[in-house]
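The values are calculated or read from the model by the stated rules, or taken from the named source; none is laboratory data. The structure displayed is predicted, hence computed values, not measured ones. Glycine gets a Cβ as well: all are built from the backbone with ideal geometry, and neighbour counts include every protein chain shown.
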Amino acid sequence: MAARAYWQGQIRLALVSIPVEIYSATKSGAAVSFRQIHEPSGKPIHYEKVVTGVGPVDTDEIMKGYEISKGEYVLLDQDEIDAVKLESKKTLELTQFVDAGEIDVLYFEKPYFVVPADDLAEEAFIVLREALRQSKKVGLGQLAMRGREYVVSLKPCGRGMVLETLRYADEVNKAQSYFRDIPDDKPDADLLELAETLIDKKTAPFHPQEFHDRYVDALKDLIERKRKSRSNKKIIEEDEDSTGGRGASNVVDLMAALKKSLDKPGAKPAAKKTPAKKAPAKKRA
């Protein structure tokens, strides 16, 4: 495999140990990065490690320090930090299993692909993968990677498995503090029916390649136009949707807006079925 493993170790389930390798499942994408430039000279800005009253210092003179009080630090060498022993440093022990949908989406952080480390590990790997798939469960454990310990979940994914790092409870804000002021009202039935029809109309299979970063595309276009112009003249575009009426009311007729959305080419809201009216009896001559 061409990619370099992010972590190598073993998954342990009771007395069974499965050697595995973990690879990052995501990449940074096509983000546009900028450098700070000194305008008069056109040269990039550099950063130096500077100590107050001393000036620039060498990298090998720098240690890590933990502030215990104002201006007072406990100094730690990198070797001392690396020597901290954790049971999870090279072993992911699955200590609990939960239903696949039980973990709130707020806790998921980053995914990794998990593959068997060698041919000998494949049989046990496949058994664990299929056991998780058949039981519709997710394995939980703790794993040390790159200087910290994570809570992780493990679930099947195609022929392999996916490990996802999870946030700890104290890293997630409680939703109640944000949602408590939203009224617990029942929506109008007609409005709800229109909204559901609009959702049905726009429902389609998920194809991630159809989505792209429009902001990055616009930045690249701006950079290309600026490059071709070969000048420092600012290129500012007016917002196409700008009407100049910033003071306009934000109050909208929700029913009218939903109906207007459905007036576009596509499915129309299903007509409600009503009892057929009986034809009036013919009068006798």
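Data table
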| read-out | value |
| --- | --- |
| Condition broken by THR197, with the remaining ones in (1) among the polar types (S, T, N, Q); (2) within 25 Å of the chain's Cα centre (by Cα); (3) in a helix (DSSP H, G or I) satisfied | (2) |
| Residue match in segment 221-229 (condition: under 28 Å from LEU258 (Cβ atoms), part of a helix (DSSP H, G or I) and among the charged types (D, E, K, R)) | no |
| Some residue of segment 168-181 being in contact (Cβ under 8 Å) with a residue 24 or more places away in the chain, of a type outside the set (D, E, K, R) and in contact with a Phe, Trp or Tyr (Cβ under 7 Å, 6 or more places away or on another chain) | yes |
| Unique match (being acidic (Asp, Glu), at pLDDT 80 or above and touching a Pro at 6+ places or on another chain (Cβ under 9 Å)) among GLU210, GLU193, GLU224 | GLU193 |
| Any hit, segment 145-156, residues being under 30 Å from TRP7 (Cα atoms), modelled with pLDDT under 85, small (Gly, Ala, Ser) and part of a loop (DSSP other than H, G, I, E, B) | yes |
| Residues that are surrounded by 10 or more Cβ atoms within 10 Å (Cβ to Cβ), farther than 21 Å from VAL127 by Cα, among the aliphatic types (A, V, I, L, M) and touching a residue at least 60 places away in the same chain (Cβ under 8 Å), drawn from segment 1-44 | ALA25, ALA30, VAL32 |
| Filtered residues of segment 3-15 (kept if modelled with pLDDT under 90 and of a type in the set (A, V, I, L, M, F, W, C)) | ALA3, ALA14, LEU15 |
| Residue, nearest to GLU21 (Cα to Cα), within segment 61-101, restricted to residues that are of a type in the set (Ser, Thr, Tyr) and free of Cβ contacts under 8 Å to residues at least 60 places away in the same chain | THR95 |
| Residue among VAL98, VAL84, VAL74, VAL20 that is more than 29 Å from the chain's Cα centre (by Cα), assigned to a strand (DSSP E or B) and among the hydrophobic types (A, V, I, L, M, F, W, C) | VAL74 |
| Filtered residue count, segment 157-194, keeping only those that are in contact with a helix residue (DSSP H, G or I) (Cβ under 9 Å, 6 or more places away or on another chain), assigned to a helix (DSSP H, G or I), among the charged types (D, E, K, R) and loosely packed, with under 10 Cβ neighbours inside 10 Å | 0 |
| Residues satisfying the stated conditions in segment 118-149, i.e. touching a residue at least 24 places away in the same chain (Cβ under 8 Å) and either closer than 23 Å to ILE81 by Cα or in contact with a helix residue (DSSP H, G or I) (Cβ under 6 Å, 6 or more places away or on another chain) (or both) | GLY141, GLN142, LEU143, ALA144, MET145, GLY147, GLU149 |
| Failed item, numbered, when GLU72 is tested on (1) acidic (Asp, Glu); (2) closer than 30 Å to GLY141 by Cα; (3) at pLDDT 85 or above; (4) exposed (fewer than 11 other Cβ atoms within 10 Å of the Cβ) | (2) |
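Per-residue answers, yes or no, for (1) hydrophobic (A, V, I, L, M, F, W, C); (2) exposed (fewer than 11 other Cβ atoms within 10 Å of the Cβ); (3) modelled with pLDDT of 90 or more:
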residue	(1), (2), (3)
GLY101	no, yes, no
ASP104	no, no, yes
PHE125	yes, no, yes
LEU132	yes, no, yes
